[in-house]
Amino acid sequence: MQQSGRLAVTRVEHSNGPALDGALFDAVLYPHRSLSPAGFLILMTAISCCSIALGAVFWIAGAWPVVGFFGLDVLLIYVAFRLSYRDARRYEIIRLTRTELTIERFVRGRQVMQKQLQPYWLNVRVEEERTGPDRLMLRSHGQALEIGAFLSPPEKQDFAVNLTDALAKVRSA
């Protein structure tokens with residue numbers, strides 16, 4: 001697969017040329033995490049050092065019970081980041097061939113959903129919601145499926161345009 005570019009919130013990889021497996025469009029959508037593992041280590045080290053320094057000041061001042069709360073803060077920040085990284089291990093694979101569009105959804109490395117849709121009647125739309133985030137919807141024969149829920153609104157628009165173009169090529173062939 002060729003990488004088309006790195007988006008702000010999601011990495012989208014796709015190839016529009018004919019692949020060995022017959023895929024005309026192949027996309028992998030990942031949630032983006034802005035902090036790399038090295039950045040996480042640096043951040044946790046800085047927070048720990050600040051916590052130790054402030055804890056030492058309170059210890060010297062005679063307020064030693066406060067020191068435990070500084071350690072608790074570091075632990076809670078660590079747990080929050082670990083949960084965020086665990087959630088980032090989800091992704092979606094969208095593959096278009098001449099006969100079907102396959103959507104596979106994975107959470108923590110395990111496949112949780114696979115759906116095939118017929119591409120000739122497929123409608124791709126970004127539905128604007130008043131109370132929540134926009135939704136990237138695939139509709140065909142009375143069925144509706146949301147994909148890329150973790151994408152930002154501009155990324156949803158961009159992906160919808162790319163997928164619509166690929167569907168137009170399939171329909172015209």
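FYI, it's all coordinate maths here, none of it is from the lab. For clarity, every value in this text was computed on a predicted model and none was experimentally measured. FYI the Cβ positions are ideal-geometry reconstructions off the backbone, even for glycines, and counts take in every protein chain you see.
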Just how many % of Cα pairs in the chain lie over 28 Å apart, if you round to the nearest whole percent? 40
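Rounded, prolate or oblate: which fits the range 97-173, taking a ≥ b ≥ c as square roots of the Cα gyration tensor eigenvalues, rounded meaning a/c under 1.5, else prolate when a/b beats b/c?
Judged from the Cα gyration tensor, the range 97-173 comes out oblate (a/c at least 1.5, b/c at or above a/b).
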Candidate span helices, the chain: DSSP H, at least 24 Å along axis from Cα coords, Kyte-Doolittle average at least 1.6, result 37-60
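Per the Kirkwood definition applied to all pairs of different Cα atoms, how many angstroms is the hydrodynamic radius of the range 55-97? Intermediate values should be presented prior to the final figure.
Working: mean 1/r = 0.0746 Å⁻¹.
When all Cα pairs of the range 55-97 are included, the Kirkwood radius is 13.4 Å.
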Would you mind getting me the FRET efficiency between Ser36 and Arg98? Use the beta-carbon distance for r and R0 = 35 Å, nearest 0.05. 0.35
Checked against the positive end of the charge dipole of the chain (+1 on Cβ of Lys and Arg, -1 on Cβ of Asp and Glu, about the Cα centre), the farthest of Thr97, Pro153, Leu29 is Thr97
Taking the Cβ of each residue in Glu128, Glu155 as the centre, tally the other Cβ atoms inside 10 Å and list the residues starting with the fewest. Glu128, Glu155
Listing Val66, Val170, Val79 from the residue with the fewest other Cβ atoms within 10 Å to the one with the most, what is the order? Val79, Val66, Val170
Evaluate E = 1/(1 + (r/R0)^6) for Gln116 and Leu76, where r is the Cβ-Cβ distance and R0 equals 41 Å; express this FRET efficiency to the nearest 0.05. 0.40
Ranked on Cβ counts within 10 Å of their own Cβ, fewest leading, Lys156, Lys169 go Lys169, Lys156
Taking 7 Å along the Cα-to-C-beta vector as the label spot, tell me the Val107-Met44 distance in nanometres, rounded to one decimal. 2.5
Once both label points are put 7 Å beyond Cα along the C-beta direction, the Ala149-Leu54 separation in nm becomes 3.5
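Any idea what the dipole of the chain comes to, in debye rounded to 20, about its Cα centre with Lys/Arg Cβ at +1 and Asp/Glu Cβ at -1?
Numbers: 20 positive and 16 negative charges, 63 e Å.
So the magnitude is around 300 debye.
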So if I place +1 on the C-beta of Lys and Arg and -1 on the C-beta of Asp and Glu, and nothing else carries charge, what would the dipole magnitude of the range 35-123 be about its Cα centre? I want it in debye, nearest 20. 440
